[in-house]
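Colleague: Okay, handing you the structure first.
Derivation of every value follows stated rules applied to the coordinates shown; laboratory data play no part. Keep in mind the model is a prediction, meaning the values are calculated, not measured. Neighbour counts are summed over all protein chains in view; Cβ atoms, including those assigned to glycine, are modelled from backbone coordinates with ideal geometry.
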Amino acid sequence: MSKKSKEGLSVKKEENFSEWFQQLIIKSELADYSSVSGCIVFRPKSFNVWEKTKEIIDKEFKKIGIKNVYFPMFIPEKLLSKEADHVKGFAPEVAWVTHTGNTKLSEKLAVRPTSEAIMYESYSKWIRSWRNLPLKLNQWVNVVRWEFRHPIPFFRTREFLFNEGHNAYSNKKDLDKDKDRITKIYSEFLKDYMALPSILGKKTDKEKFAGAVATYSLELYLPNGKAIQGPDYHDDGQNFAKVYDIKFLDENGKEQYCYQSTYAISTRMLGVMFAIHSDNKGLIIPPKLAENKIVIVPLMFEKDKQILKKAKELFSDLSQYDPIMDDRLEVTPGYKFNEWELKGIPLRIEIGPKDFKKKEVVLVRRDNEKKINIKMKNLKKQIDFELEDIQNTLFKKADKLLKNSLDKSENLKDTLSKLKKQKIVLVPLKNSKEVEDNLKEKLKGVKTLNRPEKQPSLKGKKCIISGKQADYWVYIGKSY
């Protein structure tokens, strides 16, 4: 086996998506496995994307008055157990600290699966009057959810990173406006930076966040035919306020419970972005989130001082793109090209003796392998154009993939046929846990994703499972 085949991807995305993705994240140096089962190491390339994600979204949060805080990662059992539905939803996944050294703790401490319990203890002390509202706080933290299903890097790991926003309002009207603002921030980030289209909708009662009144999610579609949930927003109503005694005196001196929301985007989205855009040569990162937008490869069979000098000048002139200089002599140009394609650098600049004489370079796009001969004096302008075009092209390609995956059906037989073709299907359904359980059983693991906000007419539409009048149209599909 050649060195190239060992370092490159040995399986095709369309033939074995799971193995392809596992190889992609390791060989392109996005992540690595650790000795802790189900936990990965975020290497600099992927962590840089997460840092940019935090920076961009955090800036948008601050524009609407959300402030950052940090709460302890350990949660006393008495606090966690206050909200029965909430605890029930997380109980199987909670990791517990029971000892310090050889001494048993008097009370178990949960390692943060989510922070409602620990944060709302403070909210109940801080909120006393309508003047204390709204209270909009967020933390960027790690969480631990000890899942026992097969872990998949980025998609499903026992420890992951996310933002955890917790807003409190004095009335339902402000809470509803909150939903629109937060989901807009998330959906625009996915589109404008990750080049990812998504479906915004409301989760069914069975699939909503434990303890919430309603959950709204952004669902995405992967090339293997599976849907995956992206950022979400939970309308908690007054549920947690009543449990954790978060009350205030309104302007008339009357005691009221707060209306609350929670919302999050996690490192799962990194995996979704890598999986949707990357190809059989390796990683593709949208330019807006790529740390190094350019790699410069001087073409020298031996140390050519003129070529190397010009390459170094380009490296300095193009510093705004955080370029990489690859002037290694011990490997061939072909090896270098393969390596930087594997690692997902959006643009490659090649400069050889012929190019030098013409005062040109060759610009190569990572997404479509298009080669452009460009005069050095026009290089920056062309780079800006190509980076923007790559960003737009990636979104259009992903948007086409999503739109081609969507279908509609009104009966079980037709639904099954479309699901076999790896479609996400919009179907009429009854609002019933039993119906959803039967759906999952009859359709072999298929579940509800979310209900689009713009609902088609339900007049005369029967639930595909129960045969009774349907309550809503909902997207269903295979999902992570």
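Colleague: If r is the Cβ-Cβ distance from Lys433 to Lys377 and R0 is 41 Å, what FRET efficiency results, to the nearest 0.05?
Modeller: On the way: r = 67 Å, r/R0 = 1.63.
Efficiency for this residue pair is about 0.05.
Colleague: Something else about it: Bin width 5 Å, origin at 0, all Cα-Cα pairs of segment 3-277: what percent of pairs per bin?
Modeller: Percent of Cα pairs in each bin: 1, 5, 11, 15, 18, 16, 13, 9, 6, 3, 2, 1, 0, 0, 0, 0.
Colleague: Might you report the magnitude of the Cβ-based charge dipole of segment 288-390 about its Cα centre, with Lys and Arg at +1 and Asp and Glu at -1, to the nearest 20 debye? Intermediate results must be reported in sequence, preceding the final value.
Modeller: Details: 23 positive and 20 negative charges, 100 e Å.
Computed charge dipole of segment 288-390: roughly 480 debye.
Colleague: Let me ask something additional. Treating only the Cβ of Lys, Arg, Asp and Glu as charged (+1, +1, -1, -1), what charge dipole size does segment 223-297 show about its Cα centre? Round to the nearest 20 debye.
Modeller: Values: 8 positive and 9 negative charges, 104 e Å.
Around 500 debye, computed over segment 223-297.
Colleague: Here are some pairs, Lys136/Lys343; Lys400/Lys454; Lys191/Lys242; Lys397/Lys478; which of them have Cα atoms lying more than 27 Å apart in this structure? Intermediate values should be presented prior to the final figure.
Modeller: Details: Lys136/Lys343 39 Å; Lys400/Lys454 21 Å; Lys191/Lys242 37 Å; Lys397/Lys478 21 Å.
Exceeds cut-off: Lys136/Lys343; Lys191/Lys242.
Colleague: Output the peptides 451-461, 312-322 sorted from most to least packed, where packing is the average of other Cβ atoms within 10 Å over each peptide's residues. Don't skip to the end; give the middle numbers.
Modeller: Numbers: 451-461: 11.9, 312-322: 14.4.
Packing order, densest peptide first, comes out as 312-322, 451-461.
Colleague: I need the per residue convex hull volume for the chain, using only the alpha carbons, in cubic angstrom as a whole number.
Modeller: Details: hull volume 89.0 nm³, N = 480.
So the per-residue Cα hull volume is 185 Å³.
Colleague: Tell me, what are the semi-axes, in whole angstrom and largest first, of the equivalent ellipsoid of segment 21-126 as set by the roots of 5 times the Cα gyration tensor eigenvalues? Can you show the working numbers first?
Modeller: Values: eigenvalues 183, 113, 32 Å².
Ellipsoid half-lengths, sorted descending, are 30, 24, 13 Å.
Colleague: State the dimensionless ratio Rg/Rh of segment 369-480 (Rg: radius of gyration of Cα atoms; Rh: Kirkwood radius). Please list the in-between numbers first.
Modeller: On the way: Rg = 21.3 Å, Rh = 16.6 Å.
Reported Rg/Rh, Kirkwood definition of Rh: 1.28.
Colleague: Further question: Among the listed pairs Lys206/Lys430; Lys172/Lys254; Lys312/Lys380; Lys52/Lys202; Lys336/Lys371; Lys305/Lys354, give every one whose C-alpha distance is greater than 18 Å. Don't skip to the end; give the middle numbers.
Modeller: Numbers: Lys206/Lys430 12 Å; Lys172/Lys254 16 Å; Lys312/Lys380 15 Å; Lys52/Lys202 28 Å; Lys336/Lys371 16 Å; Lys305/Lys354 15 Å.
Beyond 18 Å: Lys52/Lys202.
Colleague: When only alpha-carbon atoms count, how far does segment 288-390 stretch along each of its three principal axes, as whole angstroms with the largest first?
Modeller: Principal-axis extents of segment 288-390 (Cα, largest first): 35, 29, 22 Å.
Colleague: To the nearest 10 degrees, how steeply does helix 268-277 sit against the main Cα axis of the chain, on a 0 to 90 scale?
Modeller: With rounding to tens, the tilt is 40 degrees.
Colleague: How big is the charge dipole of the chain about its Cα centre, in debye rounded to the nearest 20, if each Lys and Arg gets +1 on its Cβ and each Asp and Glu gets -1 on its Cβ? Kindly include the intermediate steps, with their values, before the conclusion.
Modeller: Values: 91 positive and 67 negative charges, 234 e Å.
Value, rounded to 20: 1120 debye.
Colleague: Something else about it: Quick one: length gained pulling Val97 to Lys52 fully straight, 0.36 nm per residue minus the C-alpha distance?
Modeller: Working: separation 45, 0.36 × 45 = 16.20 nm, distance 3.26 nm.
Gain on stretching Val97 to Lys52: 12.9 nm.
Colleague: Something else: Compute the relative contact order of the chain as a whole-number percentage, counting only Cα pairs closer than 8 Å that sit 6 or more residues apart in sequence.
Modeller: Details: 911 pairs, mean separation 65.9, N = 480.
This gives 14 percent for the chain.
Colleague: Continuing with this model, one more query. Roughly how tilted is helix 116-126, in degrees to the nearest 10 and between 0 and 90, from the longest Cα axis of the chain?
Modeller: Once rounded, the angle reads 70 degrees.
Colleague: Next question. Taking the DSSP beta bridges in the chain as the whole, what percent of them are antiparallel, to the nearest 5?
Modeller: Given both bridge residues lie in the chain, the antiparallel proportion sits at roughly 85 percent.
Colleague: Would you pull out the residues with amide H under 5 Å of Val474's amide H, same chain only if 5 or more places away, H placed 1.01 Å from N?
Modeller: Here the answer is Val427, Leu429, since their amide H atoms fall under 5 Å of that of Val474.
Colleague: Would you mind checking the tilt of helix 44-63 against the longest principal axis of the Cα atoms of the chain, expressed as 0 to 90 degrees and rounded to 10?
Modeller: Helix 44-63 sits roughly 50 degrees off the main axis of the chain.
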